[in-house]
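Before we start, here is the structure in question, set down as structure tokens.
The values are calculated or read from the model by the stated rules, or taken from the named source; none is laboratory data. Nothing here was measured: the structure is a model prediction, and the numbers come from that model. Here the Cβ is made from the backbone with ideal geometry for all residues, glycine too, and neighbour counts use every protein chain on show.
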Amino acid sequence: MTTSPIFGALSEKIANRTARAGIIGLGYVGLPLAMAIARSGFPVTGFDVDPKKIVAIEARRSYIDAVTSADMQTEIDAGRFAATSEFASLADCDVIVICVPTPLTKHRDPDLSFVEATSRSIAQHLREGQLIALESTTYPGTTDDVVKVILEKTGMTSGKDFFVGFSPEREDPGNQHYHTATIPKVVAGDGAEALELMKSFYGAAVKTVVPVSSNATAEAVKLTENIFRSVNIALVNELKTVYAAMGIDVWEVIDAAKTKPFGYMPFYPGPGLGGHCIPIDPFYLTWKSREYELPTRFIELAGEINSAMPRYVVGKLAEALDIRAGKALSRSRVLLIGLAYKKNVADIRESPSLRLIEIIEERGGRADYHDTFVPEIPATREYQALKGRQSVALTDEALAGYDAILISTDHDDVDYRRLAESGALIVDTRNVFARLGIIDDNILKA
Ligand SMILES: NC(=O)c1ccc[n+]([C@@H]2O[C@H](COP(=O)([O-])OP(=O)(O)OC[C@H]3O[C@@H](n4cnc5c(N)ncnc54)[C@H](O)[C@@H]3O)[C@@H](O)[C@H]2O)c1
């Protein structure tokens, strides 16, 4: 392929690690990425509109579990990482990666306002020869139809004056086996040169890059991965309710089914979907599909089943209180174990535990929680009434004050044996007691 001079210049800077990388949005995705890029030898500038993050980084203090403060200090001291909210410095960057949020609006439509605002900031400082990569999860077409369009309003053209690409993020919070550099990374670009640049830039920081033919394809890859999870989780949640009615334990079924060496992959039921990705991302495709007058029935159905889970679990809890203890939920105190959406992390975004507390209290009960990862419930958009509530310590005295314990997240730092020995009625949505070999009449699964 004959190459353009701007392509040659940027390729060389990437090859010899003199290209300056700018990472916009220093959250769960952006901060670990900034570290991985810095570690591979590139000078990195992080940009964020949140001044608290800039202050923390300047104090060499990480606020994301996947990045240690020591690692951050190493990169800062080596001169490979600094953070700023001064967007004029974008002009100094050769490669700019966008890692800003892509939530849903109140009406469950894509909220691209962060991506658009960031693209406009980049456009203000856009110069010839830059590569702009989007990492935020979004519907197919966003990179080319939104980001590129905003950048081209400058009069410059993608593929001729600058380059545009998409590479989805695959972070798995709390995973001890994989981290940014060892997770294969899908990359795409608008045109052959953009793709080559995406391959060489990301290839420097991660072990394996997986090129695909277009930005829209790469966007679809990410959505496919998350839709796959959402649908399969919904399936086992549905099976849980059906098997429970038949007196069959779904966890025992899954444990036996997964011994099949091919054609089966275990997914586990729970109290509902949580986290920033799985409950939200699939609806980006649903929204885009409307343009083609095509329904996304699997996505909608999975969403329906998964979002019905907290109410199902509270129903089981109320039934257990009634039958086992002769108590009404409306006059009961319940202790939830685990507020985060996933074990051993502090992330409460979209956590079903918050919904569980809300439903229990709507029904007249009172719910407290224990979670050492979340000492206090911070401000959230949806659960303002819960702000400021604090994690209850698991003392004998505290435990004696509850009519039931509801396991919503199975953090490893909880003494489950002690909970079982407290004699309280326990409703376990994670099968943690059975996994630990603790069988007791007081423990029910839901
Ligand atoms: N968290 C995950 O595990 C995960 C995994 C895969 C993909 N993603 C996707 O990655 C993207 C980012 O998610 P996240 O979890 O890192 O979000 P986050 O909320 O942790 O971080 C986003 C950061 O962007 C900053 N920001 C917002 N607007 C900005 C602007 N205009 N300019 C500069 N900074 C701005 C925010 O202050 C925040 O620090 C989303 O699209 C998400 O769907 C997240």
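Given the structure, is residue 255 charged (D, E, K, R), within 16 Å of the ligand (Cβ to nearest atom) and either closer than 30 Å to residue 311 by Cα or assigned to a loop (DSSP other than H, G, I, E, B) (or both)?
On the way: charged (D, E, K, R): yes; within 16 Å of the ligand (Cβ to nearest atom): no; either closer than 30 Å to residue 311 by Cα or assigned to a loop (DSSP other than H, G, I, E, B) (or both): yes.
Judged against the criteria, residue 255 is not a match.
So if I check each of 202, 178, which one is out of contact with any helix residue (DSSP H, G or I) (no Cβ under 8 Å at 6 or more places or on another chain), among the aromatic types (Phe, Trp, Tyr) and closer than 26 Å to residue 6 by Cβ? Before the answer, list the steps.
On the way: 178 fails: closer than 26 Å to residue 6 by Cβ.
Exactly one of 202, 178 is out of contact with any helix residue (DSSP H, G or I) (no Cβ under 8 Å at 6 or more places or on another chain), among the aromatic types (Phe, Trp, Tyr) and closer than 26 Å to residue 6 by Cβ, namely 202.
Here is a further query. Test each condition in (1) of a type in the set (Ser, Thr, Tyr); (2) within 19 Å of residue 211 (Cα to Cα); (3) within 13 Å of the ligand (Cβ to nearest atom); (4) surrounded by fewer than 18 Cβ atoms within 10 Å (Cβ to Cβ) for residue 137 and report the one that comes out false.
Only one criterion in (1) of a type in the set (Ser, Thr, Tyr); (2) within 19 Å of residue 211 (Cα to Cα); (3) within 13 Å of the ligand (Cβ to nearest atom); (4) surrounded by fewer than 18 Cβ atoms within 10 Å (Cβ to Cβ) is unmet by residue 137, namely (4).
State yes or no: is residue 380 buried (at least 20 other Cβ atoms within 10 Å of the Cβ), under 22 Å from residue 173 (Cβ atoms), touching a helix residue (DSSP H, G or I) at 6+ places or on another chain (Cβ under 9 Å) and hydroxyl-bearing (Ser, Thr, Tyr)? Break it down into steps so the answer makes sense when it comes.
Values: buried (at least 20 other Cβ atoms within 10 Å of the Cβ): no; under 22 Å from residue 173 (Cβ atoms): yes; touching a helix residue (DSSP H, G or I) at 6+ places or on another chain (Cβ under 9 Å): yes; hydroxyl-bearing (Ser, Thr, Tyr): yes.
Taking the combined requirement at face value, the residue does not satisfy it.
Right, something else. Which is of a type in the set (A, V, I, L, M) and in a helix (DSSP H, G or I), of 318, 340? Steps first, answer last, please.
On the way: 340 fails: in a helix (DSSP H, G or I).
The unique qualifying residue is 318.
Is it fair to say residue 356 is of a type outside the set (Val, Ile, Thr), closer than 26 Å to residue 250 by Cα and part of a strand (DSSP E or B)?
Working: of a type outside the set (Val, Ile, Thr): yes; closer than 26 Å to residue 250 by Cα: yes; part of a strand (DSSP E or B): no.
Taking the combined requirement at face value, the residue does not satisfy it.
Looking only at segment 328-335, decide whether some residue is in contact with a Gly (Cβ under 7 Å, 6 or more places away or on another chain), in a strand (DSSP E or B), under 23 Å from residue 306 (Cβ atoms) and aliphatic (A, V, I, L, M).
Looking only at segment 328-335, we keep the residues that are in contact with a Gly (Cβ under 7 Å, 6 or more places away or on another chain), and these are 329-330, 332-334.
If we keep only those that are in a strand (DSSP E or B) too, we end up with 333-334.
Filter once more, so that each one left must be under 23 Å from residue 306 (Cβ atoms): 334.
Then keep just the ones that are aliphatic (A, V, I, L, M); that gives 334.
Yes: segment 328-335 contains one or more residues that are in contact with a Gly (Cβ under 7 Å, 6 or more places away or on another chain), in a strand (DSSP E or B), under 23 Å from residue 306 (Cβ atoms) and aliphatic (A, V, I, L, M).
Given the conditions (1) within 16 Å of the ligand (Cβ to nearest atom); (2) of a type in the set (Phe, Trp, Tyr); (3) outside any helix (DSSP H, G or I), which single one is not true for residue 369?
(1)
Given the condition touching a residue at least 40 places away in the same chain (Cβ under 8 Å), within 10 Å of the ligand (Cβ to nearest atom) and crowded, with 16+ Cβ neighbours inside 10 Å, answer yes or no: does some residue in segment 65-85 qualify?
yes
Continuing with this model, one more query. It is to be established whether one or more residues within segment 47-56 are closer than 25 Å to residue 151 by Cα, within 10 Å of the ligand (Cβ to nearest atom), surrounded by 15 or more Cβ atoms within 10 Å (Cβ to Cβ) and of a type in the set (Phe, Trp, Tyr). Give the steps one after another, and end with the answer.
We begin by selecting, within segment 47-56, every residue closer than 25 Å to residue 151 by Cα; these are 47-50.
Adding the requirement that they be within 10 Å of the ligand (Cβ to nearest atom) leaves 47-50.
With surrounded by 15 or more Cβ atoms within 10 Å (Cβ to Cβ) added as a condition, the list becomes 47-49.
In the following step, the residues that additionally are of a type in the set (Phe, Trp, Tyr) were identified as 47.
Yes, segment 47-56 has at least one match.
A further question follows. Name the one entry in 334, 253 that is of a type in the set (Val, Ile, Thr), within 30 Å of residue 364 (Cβ to Cβ) and modelled with pLDDT of 95 or more.
Values: 253 fails: within 30 Å of residue 364 (Cβ to Cβ).
Result of the check over 334, 253: 334.
Can you tell me which residue among 201, 162 is within 19 Å of residue 87 (Cβ to Cβ), in contact with a strand residue (DSSP E or B) (Cβ under 8 Å, 6 or more places away or on another chain) and away from the ligand (no atom under 14 Å from the Cβ)?
Numbers: 201 fails: within 19 Å of residue 87 (Cβ to Cβ).
Selected residue: 162, the only one of 201, 162 that is within 19 Å of residue 87 (Cβ to Cβ), in contact with a strand residue (DSSP E or B) (Cβ under 8 Å, 6 or more places away or on another chain) and away from the ligand (no atom under 14 Å from the Cβ).
Just checking, does segment 119-132 include any residue being assigned to a helix (DSSP H, G or I), polar (S, T, N, Q), surrounded by 23 or more Cβ atoms within 10 Å (Cβ to Cβ) and within 16 Å of the ligand (Cβ to nearest atom)?
Of the residues in segment 119-132, the ones assigned to a helix (DSSP H, G or I) are 119-125.
Filter again for polar (S, T, N, Q), leaving 119, 121, 124.
With the extra rule that they be surrounded by 23 or more Cβ atoms within 10 Å (Cβ to Cβ), the set shrinks to 119.
After this cut, where a residue has to be within 16 Å of the ligand (Cβ to nearest atom) as well, the list is 119.
Checked against the condition, which is being assigned to a helix (DSSP H, G or I), polar (S, T, N, Q), surrounded by 23 or more Cβ atoms within 10 Å (Cβ to Cβ) and within 16 Å of the ligand (Cβ to nearest atom), segment 119-132 yields at least one hit.
Considering only residues of segment 268-310 that are polar (S, T, N, Q) and touching a residue at least 12 places away in the same chain (Cβ under 8 Å), which is surrounded by the fewest Cβ atoms within 10 Å (Cβ to Cβ)?
Our first condition is that a residue be polar (S, T, N, Q); within segment 268-310, this holds for 286, 289, 296, 306-307.
Narrowing further to those that are touching a residue at least 12 places away in the same chain (Cβ under 8 Å): 286, 296, 306-307.
Working: 286: 22, 296: 18, 306: 24, 307: 15.
Restricting to residues being polar (S, T, N, Q) and touching a residue at least 12 places away in the same chain (Cβ under 8 Å), the top hit is 307.
With segment 1-105 as the region, which helices (runs of 4 or more DSSP H) entirely inside it contain at least 1 residues that are over 25 Å from the mean Cα position of the chain (by Cα) and assigned by TED's automatic domain parsing to the domain that holds residue 172? Show your work before the answer.
Working: elements: 5-15, 30-39, 51-58, 69-77.
Output list reads 5-15, 51-58, 69-77.
So, one more: May I ask you to list the residues in segment 316-346 that are out of contact with any strand residue (DSSP E or B) (no Cβ under 7 Å at 6 or more places or on another chain), farther than 24 Å from residue 376 by Cβ and surrounded by 15 or more Cβ atoms within 10 Å (Cβ to Cβ)?
Passing the criteria: 318, 327, 329.
A follow-up question, please. Only residues that are within 12 Å of the ligand (Cβ to nearest atom) and hydrophobic (A, V, I, L, M, F, W, C): list them for segment 166-182, please.
Correct list: 166 only.
To keep it simple, each residue is scored yes or no on (1) polar (S, T, N, Q); (2) at pLDDT below 95.
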{"residue": "2", "(1), (2)": "yes, yes"}
{"residue": "37", "(1), (2)": "no, no"}
{"residue": "43", "(1), (2)": "no, no"}
{"residue": "47", "(1), (2)": "no, no"}
{"residue": "58", "(1), (2)": "no, no"}
{"residue": "62", "(1), (2)": "yes, no"}
{"residue": "67", "(1), (2)": "no, yes"}
{"residue": "81", "(1), (2)": "no, no"}
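Sticking with this structure for a sec: Out of (1) touching a helix residue (DSSP H, G or I) at 6+ places or on another chain (Cβ under 9 Å); (2) in contact (Cβ under 8 Å) with a residue 40 or more places away in the chain, the odd one out for residue 391 is which?
(1)
Check off (1) surrounded by fewer than 21 Cβ atoms within 10 Å (Cβ to Cβ); (2) in contact (Cβ under 8 Å) with a residue 40 or more places away in the chain for residue 248 and give me the number that stays unchecked.
(2)
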